[in-house]
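Please read the structure below before turning to the comments.
The values are calculated or read from the model by the stated rules, or taken from the named source; none is laboratory data. Model, not experiment: these values are computed from the prediction. Glycine also receives a Cβ, built like all others from the backbone with ideal geometry; neighbour counts cover every protein chain displayed. Quick note on the areas: whole protein, heavy atoms, side chains included, nothing else; ligands and nucleic acids left out. Shrake-Rupley method; radii C 1.70, N 1.55, O 1.52, S 1.80 Å.
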Amino acid sequence: MHVVGYTDSLSARPGETLRFRVSCQRPTYRAEIVRLRHTDTNPDGPGLITEPVDSDVAGHYPGRAQGIHLGSCVLVPHAPALNCAGGFVIQAWICPTTPGSGEQAILTKMPADGTGGFRLYLSGDGAPTLEVSGVTGHQKLSTRKPLAAWEWYHVRASYDADRGRLELAQKPQSYWLEEEVLEVDSTAVIGAIGANPADLLLAAGWIDDGRKRTGHHFNGKIDSPRLDNANGAAVAAWDFAADIGTDRVRDTSGNRLDGRALNLPARGMTGHNWNGDEVDFKVAPAQYGAMHFHDDDLEDAGWEEAFCWTVPADLPSGIYAAHLTCDGGEDYLPFAVTPGAGQPQAPIAFLLPTVTYQIYANQRFRDPIRQALNQPTELAQSPEDRYMREHNLMCTYDAHTDGTGVCYASRLRPLLNIRPGYRSPPQSLAGGWPRLLNADMHLVHWLDQKGFAYDVITDDDLHAEGASLLQGYRVVVTGTHPEYWTGPMLDGLSQYRESGGRLMYLGGNGFYWITSFDPNRPHVTEVRRWRGSRAWEGREGEHYHSTTGEMGGNWRYRNRAPQKMLGVGFTSQGSGVNRPYRLLPDSRDPRAAFIFEGIEEDELIGDIPALVLGHGAGGFEIDRVDYDQGTPRHALVLARTHDHPDSYQLVIEDQLCSTPFTGGSQNDLVHADMVYCEGPNGGTVFSVGSISWCSCLSYRGGDNNVSRVTENVLRAFAADG
């Protein structure tokens, strides 16, 4: 991509300022603000529809290429004591995950040019190696014994300038590797260690490419690193089990040589002494003294600001974008404009699933689900796909280079699959159809087409403000795939419903994964996958979120199954043509008469062309009623899909043992349910349980029965009383 960018926030209110960061390989590019009306480029639909917005942003800007630098580490600011001129002792427990894949630093106090200082690292073949640069010479010492992947080792490296002695030892923790205990030493004639102003790094080293940046990143865990001087006095002892929910790395030596974790290494990770008796790092913090570093971690691309824009006071709520164009390229940077706090401008609130967008951002389709289905991975179809691949951008469905799952997501980087016109690679589960923002824009376009007055609100705001954000709205409408929810978001929506609010759930696989925002870094979200239909699973003992301390995984295992809120919950996902809904006897209940006004009793709902998977309203990812999980007993089950193919398999969490009878043609649980449920104080829920539902809305200009049912419910829910 010749021009690409990102914003610091996915939404803003009138009077707030959005900041845009742009990398451009051309001399100049043009920027303008546009309103997005429909962004799916499928020729069978309305196509890409945008409207220009008058703004002081419009104009040309000088191009500047900005890079993306990956890899996590800990940086300890330079202090004279860290130079250890007379010698040092370095100790740490390490668990390398990709030894032999190149040089990987453990502890470095040496500038990029190698003049003065010392470093402990794994050589290219995976053997611990010590390098010391003194005032009269330079020397290395290696054990010449490569370490094994996923095994804990205690490593100790020392240099005594007075004795002229280097020593290096590696000791495996595993009984089966005890014969690999190694101690090596050598005489050195290099004098005192050369002083240098370089910051100390853990899990990385300094590299010289004309800029000050890190490289030689360590893949794996480091636990209890410490640095003593040659006399054995503590210089620094870093405790990774302290301040787990922050980027602070505490020095417990009393010398106050604290560090900072850069680029989101995983915290709350089991250390070398974890015995399995406790699985919550808050209960046994001493056993969670490890950080897991990766050479492809990324928190903040760190690009310089290109331009900013303050949202005008009179700009209507909606979905907008900064449109960037240059010779041979373009990019859109979408964002929502939301109403002022406590100032609804319309009776309808469309809840934009920004948390789900961030979690899916830059999905590379390398996860085990695709591998299990024998689908190609590392696809590069569009300019966005190629950029993601070339810069190794990932989402929390992908795996790091050492095979572990990505548990953090940050919006401070280009989010390239959340773009107008983007379509998932054809070989993916999405089948080349629109997802996320572009699928949600099917609903936005329909709301405009039908003349509904609505505000756009976001998950981020719901998390921050709870039920107060929803006060004054007669109905809240979800997007097509609101999968990721935080506890405060669920609390806010529950309070809204219990106070008489009305909810329309127009998607599938919603309210599923436990998600958290980092309280100290609100641009960071976290998931820990386990006990659900998952792309990867966290290792044993690592299922609690480092950012909030809460147990991760699936909400159903924390007594908050989606059926309790929506009446339906995730049951299957697949590909192939969607299925229509058949009306059930509950559809004839007088309470549901308004829903099916204008619909015949034997009419199939959604047996029409769709902009997702080609045909039908029920499919892609689907939800069903489950009374054991909390569907209210009095809920009306209005309609149900049938005859899904075996590409639709029952979710893992509903299977107690391995069985061949889990496909759509053999398992009655593989279907989508349409549900209507009334509660106390007027709280009401209508759910369709299908991602594909909204992709039928625009067929024949909105003159179809999916549109009719949706309009009947929305007009009733948005009405007074």
Extension gain (nm, one decimal) between Arg213 and Tyr627, 0.36 nm per residue minus Cα-Cα: 143.5 nm
For the stretch 45-125, what is the relative contact order in percent, using Cα pairs closer than 8 Å and at least 6 residues apart in sequence? 21 percent
Do any trypsin sites (Lys or Arg not before Pro) in the stretch 570-657 lie in a DSSP loop with no more than 16 other beta carbon atoms within 10 Å, and if so, which? Arg633
Label points 7 Å out from Cα along the Cβ direction at Arg715 and Arg260: separation in nm? 5.7 nm
Between Lys145 and Asp44, with labels modelled 7 Å along Cα→Cβ, what's the label distance in nm to one decimal, could you check? 6.4 nm
Provide the percentage of antiparallel DSSP beta bridges, counting only those with both residues in the chain; round to the nearest 5. 85 percent
Cross-link partners of Lys282 among aspartates and glutamates (Cα-Cα below 20 Å; sequence separation of 8 or more within a chain): Asp223, Asp239, Asp243, Asp247, Asp251, Asp518, Glu526, Glu540, Glu542, Glu550
Packing-based order for 24-32, 291-299, 305-313, using average beta carbon neighbours within 10 Å, highest first: 291-299, 24-32, 305-313
With every protein chain kept in place and ligands, DNA and RNA left out, what is the accessible area per residue of the chain? Probe 1.4 Å, answer in Å². 36 Å²
Just to verify a number: FRET efficiency for Asp703 and Asp54, C-beta to C-beta distance, R0 = 41 Å, to 0.05? 0.75
The stretch 1-150 - percent relative contact order, Cα under 8 Å, separation 6 or more: 14 percent
Using a cut-off of under 12 Å, list every residue of the stretch 458-489 whose amide N is near the label point 7 Å from the Cα of Glu16 along the Cα-to-beta-carbon line. 458-465
Mean residue ellipticity (222 nm) of the chain, computed from DSSP H runs ≥ 4 via -39,500 (n - 2.57), nearest 500: -3000 deg cm²/dmol
Suppose accessible area is computed on protein heavy atoms with a 1.4 Å probe; arrange His138, His69 from highest to lowest. His138, His69
Hits among lysines - C-alpha to C-alpha of Lys109 under 27 Å, sequence gap 8 or more where chains match: Lys140, Lys145, Lys171, Lys212, Lys221
Given a 1.4 angstrom probe, I'd like the percentage of the accessible area of the chain that is carbon and sulfur, rounded to a whole number. 47 percent
Determine, from the Cβ-Cβ distance of Arg386 and Arg539 and an R0 of 35 Å, the FRET efficiency 1/(1 + (r/R0)^6), rounded to the nearest 0.05. 0.65
Can you send over the solvent-accessible area of Arg411, 1.4 Å probe, protein chains only, in Å² to the nearest 10? 30 Å²
Part-to-part distance (alpha-carbon centres) for the stretch 670-697 and the stretch 57-84, which is given in Å: 47 Å
How much length would be gained if the chain were fully extended between Lys450 and His642, taking 0.36 nm per residue of separation minus their Cα-Cα distance, in nm to one decimal? 66.1 nm
Express the relative contact order of the stretch 139-215 as a whole percentage, based on alpha carbon pairs under 8 Å and six or more residues apart in sequence. 24 percent
Distance between the C-alpha centers of the stretch 136-197 and the stretch 498-521? Whole Å please. 52 Å
A correct Karplus calculation of ³J(HN,Hα) over the stretch 89-102, with 6.51 cos²θ - 1.76 cosθ + 1.60, θ = phi - 60°, whole Hz and x for Gly and Pro, returns 9, 9, 9, 6, 8, 9, 10, x, 10, 9, x, x, 9, x
Suppose every Lys and Arg Cβ carries +1 and every Asp and Glu Cβ carries -1, with no other charges. What dipole size does the chain come out with about its Cα centre, to the nearest 20 debye? 520 debye
Once both labels are modelled 7 Å past Cα along the beta-carbon direction, what's the Asp491-Ala593 spacing in nm? 4.2 nm
Expected output is a single nm value to one decimal: the length gained when fully extending between Ser658 and Arg35, i.e. 0.36 nm times separation in residues minus the C-alpha distance. What is it? 219.3 nm
Loop only by DSSP, 16 or fewer other Cβ within 10 Å of the Cβ. Give me the chymotrypsin sites (Phe, Trp or Tyr not before Pro) in the stretch 589-661 that pass, ordered by residue number. Phe594, Phe661
